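Here is the structure we will look at, set down as structure tokens.
The values are calculated or read from the model by the stated rules, or taken from the named source; none is laboratory data. Being a predicted model, the structure only gives us computed values, none of them experimental. Neighbour counts are summed over all protein chains in view; Cβ atoms, including those assigned to glycine, are modelled from backbone coordinates with ideal geometry.
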Amino acid sequence: MKLVIAVIQPDRLDEVLRRLEEKEVHLVTVASVVGRGRQKGIAEVYRSHKEAGSLLRKTRLEIAVNDNFVQPTVDAIIEGARTGQIGDGKIFILDLPRCIRIRTGEEGSEAIG
Ligand SMILES: Nc1ncnc2c1ncn2[C@@H]1O[C@H](COP(=O)(O)OP(=O)(O)OP(=O)(O)O)[C@@H](O)[C@H]1O
Ligand SMILES: [Mg+2]
């Protein structure tokens, strides 16, 4: 299992969710965050909303998937979020040792999807 974390532009969220659904990826956590990339928060002029100090408003997605869903998930995020401009975002892929559905106690592959 892997945990796919993506930081994207807030205005790309709807399109990313649509692309994920097309690939049968439905379970997702979404958070509003602030952050900065390698431009060190210098506003991505025409696109990002500037927040406190050098931080810009971003949207963070967390998607836990079985291994065979990693590439479709990454593809969907890129298809939905890429514009070719600075600040399109980044994807982090982490090993995920455990996942537990609280209601049933199921673990692993059975709990994840
Ligand atoms: N190495 C990192 N560690 C933690 N968060 C990061 C990292 N790189 C990017 N982020 C987060 O992702 C957001 C979007 O990053 P961004 O797309 O600006 O990356 P970049 O490396 O600056 O690439 P680009 O040159 O395309 O802008 C940042 O605002 C920050 O929240
Ligand atoms: Mg950047």
Taking the condition basic (Lys, Arg) and under 15 Å from the mean Cα position of the chain (by Cα), does LYS40 pass?
no
Residues (over 29 Å from ARG12 (Cβ atoms) and either modelled with pLDDT of 95 or more or among the acidic types (Asp, Glu) (or both)) located in segment 89-110:
PRO97, ARG98, ILE100, ARG101, ILE102, ARG103, THR104, GLY105, GLU106, GLU107, GLY108, GLU110
ASN68 vs (1) touching a residue at least 60 places away in the same chain (Cβ under 8 Å); (2) under 19 Å from LEU17 (Cα atoms); (3) more than 12 Å from ligand 1 (Cβ to nearest atom); (4) not in a strand (DSSP E or B): all pass except (1)
How about segment 67-86: which of its residues are surrounded by 12 or more Cβ atoms within 10 Å (Cβ to Cβ) and among the acidic types (Asp, Glu)?
ASP75, GLU79
Residue in segment 89-108 that is assigned to a strand (DSSP E or B), exposed (fewer than 14 other Cβ atoms within 10 Å of the Cβ), away from ligand 1 (no atom under 16 Å from the Cβ) and of a type in the set (A, V, I, L, M) present
yes
If the requirement is being modelled with pLDDT of 95 or more and either of a type in the set (Gly, Ala, Ser) or farther than 23 Å from GLU110 by Cβ (or both), which of these qualifies: ARG47, ARG60?
ARG60
Tally up the residues in segment 59-106 that are at positive phi and within 16 Å of ligand 2 (Cβ to nearest atom), please.
3
Looking at segment 1-27 only, could you name the residues that are of a type in the set (Lys, Arg) and part of a loop (DSSP other than H, G, I, E, B)?
LYS23
